[in-house]
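The values are calculated or read from the model by the stated rules, or taken from the named source; none is laboratory data. Keep in mind that this is a model prediction, so the values were computed, not measured. Positions of Cβ are generated from backbone atoms using ideal geometry, with glycine treated the same way; all protein chains shown enter the neighbour counts. These area figures cover heavy atoms from the full protein model, side chains too; ligands, DNA and RNA do not enter into them. Shrake-Rupley method; radii C 1.70, N 1.55, O 1.52, S 1.80 Å.
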Amino acid sequence: MVGVPLWWRTTETYRAWLPVSQIQELSKLQLQLSADVEVVFSRGTVTPEQQKKLPLTQTQDEEHRVDEDTALSYRYETRYRTATVMEEDALNQPTAAGEMLFASLSNQLSRCKHSVISVRPQVITSLILSCSSSAEADLSLHTLSESPCGSLVVYVIPESSTLLPQDVDVYIGRRRTAFLRIGAKMRVGRTLEQLLAHMEPRVKQVLQVMSFSHTDITAALSDRVRLSPGNKESIADSMRAFKSSPGYEITFSLLNPDPKSHRLHWDIEGAAQTYIQPLLTKLAPVANFSMDSQTLYYAVLGVSPRFDSSRSTYTLNADSLAHVINPVEARLGSNAASSNPVLNFLLYVPDAHHSPLYIHDRKKQEVPSNAFHSPRWGGIMVYNVNDFYGPEAVFPVDINIDMAKVMGVFLAQLRLLLGVQSSSAPPGFLVAPCGTAGLADWELDRLMWSRSVENVATATTTITSLAQLLDQIGNIVINDNIAEQVSSAVTSLQLAVAELESGNLGFALQYSKEAILASERAFFDPSLLHLLYFPDDQKFAIYIPLFLPMCVPILLSLLKIISDARQKRRDKQAKKD
Amino acid sequence: MLAGVCFGDEPCLLIPSRKTTIKHANVLIFFLFSQENAGQFFSSGHTNNWAVLVCTSRFWFNYRHVANTLSVYRSVKRLGIPDSHIVLMLADDMACNHRNPKPATVFSHKNMELNVYGDDVEVDYRGYEVTVENFLRVLTGRLPPSTPRAPSVINEQIHCWILPLHSYTVVSYIKCHGGNGFLKFQDSEEISNVELADAFEQMWQKRRYNELLFIIDTCQGASMYERFYSPNLMALASSQVGEDSLSHQPDLAIGVHLMDRYTFYLLEFLEDIHPASKTNMNDLFKVCPKSHCVSTPGHRTDLFLRDPGSVLVTDFFGSVRKVELTMETINLTGHIKQWEESAADGEPRKETYSYSDQLPVSEIIHQKPKQKDWHPPDGFILGLWTLILLVFFKTYGIKHLKHIF
């Protein structure tokens, strides 16, 4: 009687309590993403009567069901208003370039006094207006107000406006603004409702490009949901980019197979600070980055290039590129202290006998960047230096590598590998080139949306599978710190989902990062190893030889007691009668 | 002359702590994990394959186990899986064993034709590090944070566990001794088939593999995959329950058997595979029929979602990286900023560096003994004393109490 509970207590495993019911709730993922859009009508797009009805707010909801456990709903809150005076000025002002042109034109006119040149005023005005480039307008609008993370401002400009080139209907700026040219149908006065109905699909199209789109979000959920290979591009995008991680390590390596001929100098520190660091600083809310660099001598590519006699160059064709990486990878070191994923960027300078080396695509055309990248690994660029010296040069030749060109390629590869979306914009759209930071604000927003969703999805999968696993395998000891991690993961997840609903992108990303860290730490805790395994037949095999001999006299005496008691009762009965 | 040594193993009892003396069950758990089997985009289907090759037998007479594992390692490397994606666990060092007549070599073919222990063998777990615990830790990723990057494999997500995961193909090849329902690790430990199945289930839950191929070469190998229940697992074993796996060729110069039959024929099969070949799994199942192997190889495919006939051998054994050509570049026009001198006073800041004390001897020598807190005697001691006192007073009667106090 004493033995059984004692035995039970000593052989049970310690399992701390886990919030299983909350985890069950989380397994049904219902994500709601909200985006705020402001649509600003500039002068000439709305009539004064329509202007009186503005400002106006509309909300649209879209529901999508991905699979039985995952549902997505998108909420767009659109606020329509008219442009302020300062915004009008910014949209119409002539730029310095326009003014200079005007000045030089007037100069020429004044010089040619004797010839009769009649210049129509409209010509001059249109000259000035066309010089006010959309980029300048974008910049000046940005100085007026800064839109918060995750929101968008769309300026609707009249059809006749020359802010955009002729065939472009939408211009997407570097910050979070876009210019939308109103359609021809809207020239004649229409009611506000018709105007809004006309604007809605076009604004939606802009949103698909600048904010989240359904394909992107489902691609981000690929960890949780088995995707059918429908949209190749988004799958390719998701397979190319690294999985979400709290930190990344970037390694730049210079491969010099021929130090006897080339003595290479590259100002990697300065170049990394000038060109790459702005991007990394901008991406700081998404992940931490650490950069290092190295130079490898006598490092050869694993593939021997072919000589193309027609162009007298050496070529590497696209099929053989896949075999280049493995032999080189073994030579590359990595930072032993951290376990973040590593992005390797290699700059290969071909040796003097195999210069110049060009990469050819499948159509046997030279690739202009002379570089290739491997998804989730990094990129390699081939830099030819044979132009830097003539045939009579004394070896070794000192060569300074043009870091701007090299970093241009690496930056583009870095963007692709980090998941900044690269698919081309729809027709009629003009996307501003990204500035010195290498990343437009809306691209950062896109990345943050998909990262948050990915983190939330992964964290929920991890937590639910951990709960399921611990349920299934009863022998694993659950310590208190694991229970703590799980609880904190659950709380962070709930917060992240709430923030996504309310549209606070920055906070949502932060909470989702905390959630994923805590959940991964809990799942991969070294103590969760099921080393104790007592199969039933082995348990019987151990305990029976020990306890059976002991139990036999006990059982017999119990039987004797029972039969005695029964006998006594029978006697008592007999006595009574 | 050493005849084919695998007969007459002793009966395996199922009590965990007992040392097993089974001679020949070579367990080759040759796990092949496969990632990314959505082969529709990009050109080839397999990008990220991992291999876990385990040999858990010690001592010189188990030379063939190490030779087998190393030959499989060579094949896997030849077909494209890089070292960074292979976890190789060898329980004993045959190449530098003092009984090896040709040191620094391990041969897998008689007449010493092929030295499988070449220059670029990277062993991740060796000697006594090959334990059940480490094996399970590698599979499930629950490694302590101090594990360096190379052996911890499989996770490219977040810190401590560095094994990549998410759908890669893993090939697991285990070579050791075993019995009905368990594998022997290094003569002192065992792992049972239920534990292995649980480990795979944990891997599945975390999506650490997309498809997994499990090859085991041991006596009664089929018992090891009986208990699997996770999806997308394919298993091959060299012998059925109740049969032994036998070894193949003795070498008279080295004095031990060099290979086991199943692995020998498996490797012959793999030699014909090159990265572009189209042989599928059904051919792999036919390797080593009973006439060659004496034991009957078995396989299990019911948990595998795809039809084995459509699965290429290179899906598991080979690995070709996907590459894309970089079509866009960014035009950078700024000049590189020059570094300015940091200190305002013009002097460079001097930081003296010193090595940290590796062995703080002075602290150790002059350490005072730790003050141990006094705890009241716990239940057991109290109970024991109570028992003794009770027995004493029962025997001698209570009236003697005053004589004591």
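Side notes on the structure shown:
- Seen from every direction in turn and averaged, the convex hull around the alpha carbons of the range B:278-323 projects onto 4.3 nm².
- Cα-based Kirkwood hydrodynamic radius, the range A:368-440, one decimal, Å: 15.1 Å
- Surface composition of the range A:337-487: carbon plus sulfur atoms contribute 50% of the solvent-accessible area (1.4 Å probe, protein chains only, all chains present).
- Violating pairs (Cα-Cα greater than 25 angstrom) within the set A:Lys204/A:Lys513; A:Lys243/B:Lys278; B:Lys184/B:Lys286; A:Lys243/A:Lys282; A:Lys53/A:Lys204; B:Lys175/B:Lys286: A:Lys204/A:Lys513; A:Lys243/B:Lys278; B:Lys184/B:Lys286
- The ratio of the alpha-carbon radius of gyration of the range B:177-312 to the globular-protein estimate 2.2 N^0.38 Å is 1.11.
- On the beta carbon distance between A:Asp471 and B:Arg306, with R0 = 30 Å, the FRET formula returns roughly 0.55.
- Annotation: aspartates and glutamates with alpha-carbon distance below 17 angstrom to A:Lys572 (same-chain offsets under eight excluded): A:Asp564.
- Per-selection Kirkwood Rh - the range B:236-318 (Cα, Å, 1 d.p.): 14.0 Å
- Dimensionless Rg/Rh of the range A:430-577 - Kirkwood Rh, Rg from C-alpha atoms: 1.50
- Counted residue by residue at 0.36 nm each, then reduced by the alpha carbon distance between them, the extension gain from A:Met550 to A:Ser27 reaches 183.3 nm.
- Within 10 Å of each Cβ in A:464-472, the average number of Cβ atoms from other chains: 3
- Sites B:Gln371 and A:Asp267 - FRET efficiency at Förster radius 60 Å, r taken between beta-carbons, to 0.05: 0.50
- Computed E for A:Ser160/A:Thr57 - FRET, C-beta separation, R0 30 angstrom, nearest 0.05: 0.55
- Sites matching trypsin sites (Lys or Arg not before Pro) across the range A:326-404 that sit in DSSP coil, with at most 14 neighbouring C-beta atoms within 10 Å: A:Arg331, A:Arg362, A:Lys363, A:Lys364
- Using 0.36 nm per residue and subtracting the Cα-Cα separation, the extra length available between B:Arg99 and B:Asp357 on full extension is 88.8 nm.
- Summed buried accessible surface, chains A and B, 1.4 Å probe, nearest 100 Å²: 6400 Å²
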